[in-house]
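Following: one structure in structure tokens, then a few remarks.
The values are calculated or read from the model by the stated rules, or taken from the named source; none is laboratory data. All values derive from a computational prediction rather than experimental measurement. Don't worry about glycine lacking a Cβ; one is built from the backbone with ideal geometry, like all the others, and counts go over all protein chains shown. Please note that ligands, DNA and RNA were not included when accessible areas were found on the heavy atoms of the full protein model with its side chains. Shrake-Rupley method; radii C 1.70, N 1.55, O 1.52, S 1.80 Å.
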Amino acid sequence: MSSLQTQFRDLATWAADSSPLYAHLCREAAEDSDILDIAATVPESRQAPHLLLAAVQYLLDRHPNHRLAEYYPSITQTAHDPDDGCFPAFREFCLDRADDIRPLLRTRRTQTNAVRRSAVLYPAVAQVARAADGPLALVELGPSAGLNLLFDRYRYDYDGCVVGNSDSPVTIGSSVRRGDPPLPDTPPEIHSRVGIDRNPLDVTDEADRDWLRALVWPEHGARRAVLDGALTVVRDDPPELIEGDMLDDLPPVLDEIPSDVPVCVVNTLVLYQVPAELSEALTALLEAQMAERQLHWLTGQRDLSGGESVRLDWRRWTDDGIETTRLVDYEPHGAWLSWRP
């Protein structure tokens with residue numbers, strides 16, 4: 001069995017409860033040599049099934065009259081459940097538009113902006129703000145399009161507790177499963193915000209916006225609605241995004257922030273994708289900065305025990321040296337959170 005077949009079969013299993021359409025397409029694609037040949041265009045370091053599915057949805061949105069669209073809830077309000085005609089329509093679409101799909105597979109990445117993660121950042125940054133002396137300078141590593149950098153411009157509903165920006169066109173819902181997270185009525189005050197990403201997406205560019213939407217699975221209408229609202233907010237006043245490397249470009253970004261302004265560096269699900277030596281170098285860099293200035297680090301990692309949740313730790317300098325607090329565990333898309341302190 002080829003590695004591509006394994007990737008498609010694995011995604012089919014993982015998607016079964018979340019996207020019947022993608023589970024069906026991946027099961028069939030794993031056995032189709034022509035589809036696997038197209039998917040082989042994806043560079044080895046990237047996720048071929050995710051990218052192929054996103055590329056198809058991206059192009060299908062531009063060609064909604066194709067019979068494949070009948071199976072996509074993101075395209076039609078009366079979408080059919082996957083049946084015997086579903087994969088043949090998918091296969092036909094891929095083969096007919098292979099010349100359009102392959103460039104997307106070579107150049108695009110699975111840079112999802114899970115906007116609902118802002119529901120996790122809201123209490124986490126509020127906790128940091130309580131300990132900080134003045135408004136925070138927010139620096140995000142791997143922000144993609146920077147939608148979570150503007151977490152203070154959204155409204156939040158935590159099981160009926162509504163907080164955040166009351167004038168926002170976006171309401172993000174999340175459930176609190178455990179603990180008592182800080183949920184101030186108004187967002188923490190932000191001094192400045194900037195993101196560093198190797199391949200940032202430009203929310204003022206139509207193709208980049210459509211690619212972000214194509215990364216949302218067809219059945220996930222609520223996620224797409226939140227994303228669309230956030231794109232509207234961010235497009236009017238996009239955050240500063242720097243195309244660069246987190247190690248090389250973070251020091252000059254920090255140097256630009258006045259030394260008396262507290263800094264909050266944030267990364268949610270980035271470090272698991274980078275080599276261990278890079279993660280260790282970043283840790284050394286930020287710990288050295290903590291000894292020199294008021295710097296807080298909210299750093300995320302996957303649940304190493306095998307669960308599906310993600311954890312967010314708060315690292316900062318104290319009189320006893322660097323202290324780490326496990327702040328919150330959360331569902332990767334922010335659907336729920338469990339406050340730990």
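Here are a few things to note about the model shown:
- Residue 202 over 29 Å from residue 64 (Cα atoms), part of a loop (DSSP other than H, G, I, E, B) and open to solvent by 50 Å² or more (accessible area, probe 1.4 Å): no
- Residue within segment 80-92 that is part of a loop (DSSP other than H, G, I, E, B) and aliphatic (A, V, I, L, M) present: no
- Among the residues listed as 187, 182, the single one being open to solvent by 20 Å² or more (accessible area, probe 1.4 Å) and over 17 Å from the mean Cα position of the chain (by Cα): 187
- Qualifying residues in segment 115-136 (those that are in a helix (DSSP H, G or I) and in contact with a helix residue (DSSP H, G or I) (Cβ under 8 Å, 6 or more places away or on another chain)) - the one farthest from residue 213 (Cα to Cα): 125
- So residue 174, is it open to solvent by less than 60 Å² (accessible area, probe 1.4 Å), of a type outside the set (Phe, Trp, Tyr), assigned to a helix (DSSP H, G or I) and at pLDDT 95 or above: no
- Test: residue 220 is in contact with a His (Cβ under 9 Å, 6 or more places away or on another chain) and more than 23 Å from residue 107 (Cα to Cα): yes
- One residue from 163, 234, 176, 216 being of a type in the set (Val, Ile, Thr) and over 30 Å from residue 22 (Cα atoms): 163
- Of 135, 143, 187, 182, all but one fail to be farther than 21 Å from residue 226 by Cβ and touching an Asp or Glu at 6+ places or on another chain (Cβ under 6 Å); the exception is 135.
- Among (1) surrounded by 18 or more Cβ atoms within 10 Å (Cβ to Cβ); (2) at pLDDT 95 or above, the one test that residue 142 misses: (2)
- Taking the criterion of being in contact with a helix residue (DSSP H, G or I) (Cβ under 6 Å, 6 or more places away or on another chain) and not aliphatic (A, V, I, L, M), the residues of segment 35-65 that qualify are 41, 49, 57, 58.
- Every residue from segment 7-62 that is outside any helix (DSSP H, G or I) and open to solvent by less than 40 Å² (accessible area, probe 1.4 Å): 19, 30, 32, 41, 42
- Qualifying positions in segment 224-260 - closer than 30 Å to residue 73 by Cβ and out of contact with any Lys or Arg (no Cβ under 7 Å at 6 or more places or on another chain): 225, 228, 229, 230, 232, 234, 235, 236, 238
- When residue 222 is tested against (1) of a type in the set (Gly, Ala, Ser); (2) touching a helix residue (DSSP H, G or I) at 6+ places or on another chain (Cβ under 6 Å); (3) closer than 16 Å to residue 117 by Cβ, only condition (2) is not met.
- Filtered residues of segment 289-334 (kept if assigned to a loop (DSSP other than H, G, I, E, B), modelled with pLDDT of 90 or more and surrounded by fewer than 18 Cβ atoms within 10 Å (Cβ to Cβ)): 291, 292, 293
- If only residues of segment 158-171 that are without any contact (Cβ under 8 Å) to a residue 60 or more places away in the chain and not in a strand (DSSP E or B) are counted, the one that is nearest to residue 334 (Cα to Cα) is 159.
- Any pair with Cβ under 7 angstrom, 6 or more apart, that starts in segment 125-142 at a residue that is under 19 Å from residue 164 (Cα atoms) and ends at one that is part of a helix (DSSP H, G or I) and open to solvent by 10 Å² or more (accessible area, probe 1.4 Å): 136/129
- Considering residues of segment 131-181 that are touching a Lys or Arg at 6+ places or on another chain (Cβ under 6 Å) and small (Gly, Ala, Ser) only, the residue farthest from residue 314 (Cα to Cα): 168
- Single match in 207, 214 (criterion: closer than 17 Å to residue 51 by Cα, open to solvent by less than 50 Å² (accessible area, probe 1.4 Å), free of Cβ contacts under 8 Å to residues at least 24 places away in the same chain and not β-branched (Val, Ile, Thr)): 207
- Of the residues making up segment 231-280, those that are open to solvent by less than 30 Å² (accessible area, probe 1.4 Å), within 26 Å of residue 213 (Cα to Cα) and not in a loop (DSSP other than H, G, I, E, B) are 231, 233, 234, 246, 266, 267, 271.
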